[in-house]
Structure formats: structure tokens, C-alpha cells
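Q: Got a structure for you, written out below as C-alpha cells; questions coming shortly.
Laboratory data are not the source of any read-out in this text; all were calculated from the coordinates shown. Because the structure is a prediction, the values reported are computed rather than measured. Here Cβ is always computed from backbone atoms with ideal geometry, including for glycine, and neighbour counts include all displayed protein chains.
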Ligand SMILES: [Zn+2]
């Protein structure tokens, strides 16, 4: 332990002038100053020890006698019981008992001279606190005059909960601002590793604080089982003991490093963040998928190499797709690929052509082997080199029927033709074989002239009629009958 502050010659090694320690009460010399007193003695300094107040605390004597207080009946020393049998007369007799102990303690730790300010322990009252500080200040000043060059050592400080201790600290701070005094350590040279602890002993029955000890220690590399900070920890970084991973606190937040000081790994079940900035993101396993972030978007892959991966989603809303092909989810159904000439529709997951089903298709051209109605029973058309063939359904290549309002053809080659109303032949009619009438009145009506370059055979009879007089000539029953005159320009010959 060290004193918190000193006035006068600062160092234990400053030989010659005395180091004067100020104990607010009896026992403070042992609890708060003994280590520093021994340091000064070891450095060859004379040490004077001031007992500031009389310590007339009769309640303390009763506690020490009865024993059952915060430390139960046993003090921290082994095999030692608080059964001091101190006088309890109300106040005064405790003073001589405590002071005798103080004197013995001072002797034990090598103090050269004990000085008793003999002040009442009156700093506990609000009305008397200031006067107590005044009295301490005046007495310290008088000692300073008496021992020029001495250093004045105060323990405790403004955090102390014992009023008399705090008052001694206040006196020191008051002298700090007075002329002729030098405060040690100087401003900016205070030990930065100091830490102040307030130790609280509680009564086991009531859990009420029973005693306080404030002390300041130097810590270079302390070890604790655990540390609890109630308001915060200020440190540039935190590092593990066995595994030397480190958390460094930067102006922007915190940085995690591994034991080689490279950026480390944070393991957590959940991370709840506003923004993630990453070079890439991947699943936990070595073969898992990953996402990288090139300047034009994201790239999804899997495994250790650069293999592209699969994005599975309920829907994708995009402005454009650049893809080699599009397929069904199980890859065994229809799919589309995109050659330079357009799109190819395939089926069954292989190269066989598939079926496009649509309500309408608006095309500039169709190249196709055949065209058929929607079912297998419907007619169909195929396209041989000579033109087109029209077939009935049922796959038996029966010729089908073409129905149209008009057909404008250069040639008509047909096995049969049936004209339901009228056949008009503008260029004439050439019949290679027989022209015969079949149904209806068995007659052929020619309104203009009829010319026959060959024979005229009339099976049955041949009749020549005149619109004016009815029939003129006919053959019938091996007889030629003339109705009217018969004019013969040459000979009329009869063979019978
Ligand atoms: Zn004390």
C-alpha cells in the first residue's frame, strides 16, 4: 500500500528530513500506512507518526469486548478472539486503551516519534466538520514550520466514508492550494495504475454495512478470479489468458483479433445488427453455399471453389434473366434453351422436342412437318415437297376433306367430282372417255349447236325436235319416222 498523496519531500528516499504520517485514528497507522512507513524507514528516513483524533468511540469498545460483531467473535488474525476487556465508561477510557495500542503499533513498525494532536473525534457532525478540518490544517502547518523540509503523508481521500478520515484528506487538499507547499506527485505524474477499493464488512445478521476500509493499491498485472465493475470498464483492449484472442476497442466500436493479431472469429448463436459489411458470406460446413459481392451484385456459389450454386425461393422478381436454359424443378420435365436463333422447347429432360401450349400464336412463319387439330382424331396436314396433303384423323392416312368457298386452281386432278349445283366450263369440256348422266331426268341439254366429230350412237331412239312443230324425225323400233317433208339431193337407195 502507498499513501494516496504527500506534501513536502515526495520520495521515501529523500534522506534527512522526517516523513510525517497522519493517522486519523488509532489503528489507521497499521491498516493504511504501515507499508509506506516501512518503505520510508528502509530508505533511511526518520518517520514521525501523528495521531490526529482521540478516537473516543465507546461503542467500538463495547463491540470489541462483546465480540459478536461483523467479524463474529474472531478477528482476521488466526486463533485470536476479540475479548479485549476494554473499559467502557461512556467515552474517555477507551481513548487511553486505543492510544496504548497505537503507541505499541508505532513502535513495532519503527516509528521514530509519535505526535498526538489530541483533537476530539468530532468530524462526524455536520456542524463540527469544518472546524475539525480547520484544526487539522493549523496543526499540520505548525509541524511544517517546526520541521522544515519534512514530507507530510495522508492516507484515505474524498471517497472515504469515515468523516474523520475524509477531513484529514480535505486538510491536505486545502494545503495543496496554499503557497509554500509542494504536492506530490505533481499534476500529470500521478501513478496511473492506482486503483481505489472500498472494502465493506457486513454484519451477518442484518447485512448492514458494519465497517469500511478505503485503500489505494498499485496494480501492474493483477490476477483475479473474476472482476465485477458496477459502472464500467475503461481499457484499450481485452485479451484471453490461455487463448490469446483479443478484443480491441476502436473509435468505431470493437475489433476482434486472433492470437496472431489477425482479424479473428466471433462465434455466436445470433447476431442482431443493422448492417453487415462482408467480403463474402458462407454456411458453416466446408461444402456449404456462399455469397460473394462483386460490384454488379451478388454471386451465389458452393463448396471450396468457384462453382455456382442454387438459389431456392418461392418467387423471383427480376427485370431480366440471362440464362443458358430454364427447366422444371425436378429437371425431368420440360425445359427451354436459348440458341442464337431463338428458343428451343424440349421435353423429358433430354433433347426431344417438347410441346408449347398456348391460346394463340402470332408468327411470321412456321416450318413444320405436319399440322393437326388438337386431338388424335382430328384431321392433319403434312407438307411434302409437292405441296400439302390433307388427311383425316386416326393416323391411317385417309385423305381428308378440304372445305372452302372457292378454290382457284390451275389444274384439278381428281378421281371423282361432284358439283352440287352447277358446273360452268369457260374453256370447254374435253372428255377422254365417256360422258354420261346418271341421276335425275336422263338427258343432256345443249342450248347451242352440238357437234360430234365421231359417230353418234343413240341406244334406244334418236329424236330431232323443232320448237315450232314438235318432233321432226326420230328413230325407233328399227324405224326412221319423218314428220313433214323428206328432201333428198342425191339418190335414195333401198337395200332390201
Ligand atoms: Zn480511523
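Q: As an exercise, use a Förster radius of 30 Å and the Cβ-Cβ distance of residue 235 and residue 182 to find the FRET efficiency, rounded to the nearest 0.05.
A: After rounding, the FRET efficiency stands at 0.40.
Q: Moving to a separate point now. Taking Rh as the Kirkwood radius computed over C-alpha pairs, what is the Stokes-Einstein D of the range 291-383 at 4 °C in a medium of viscosity 1.567 mPa s, expressed in µm² per second?
A: Approximately 76 µm²/s, per Stokes-Einstein.
Q: I would also like to ask the following. Taking the convex hull of the alpha carbon atoms in the range 319-467, what volume per residue do you get, in Å³?
A: It comes to 250 Å³ per residue, whole-number rounded.
Q: What is the extension gain from residue 104 to residue 321, computed as 0.36 nm multiplied by their sequence separation minus the C-alpha to C-alpha distance, in nm to one decimal?
A: Extending this stretch completely gives an extra 68.6 nm.
Q: Here is a follow-up. For 20, 321, 413, 381, what ranking results if the residue with the fewest other Cβ atoms within 10 Å of its Cβ goes first?
A: Lowest count first: 413, 321, 381, 20.
Q: Report the full-extension gain for the segment residue 419 to residue 138: residue separation times 0.36 nm, less the Cα-Cα distance, to one decimal in nm.
A: Extending this stretch completely gives an extra 86.4 nm.
Q: What FRET efficiency do you get for residue 304 and residue 113 if R0 is 51 Å and r is their Cβ-Cβ distance, rounded to the nearest 0.05?
A: 0.05
Q: For 21, 224, 132, 391, what ranking results if the residue with the fewest other Cβ atoms within 10 Å of its Cβ goes first?
A: The most exposed by this proxy come first: 224, 391, 132, 21.
Q: Moving on to the next point. Taking the beta-carbon count within 10 Å as an exposure proxy, list 183, 399 from fewest neighbours to most.
A: Neighbour counts put them in this order, fewest first: 399, 183.
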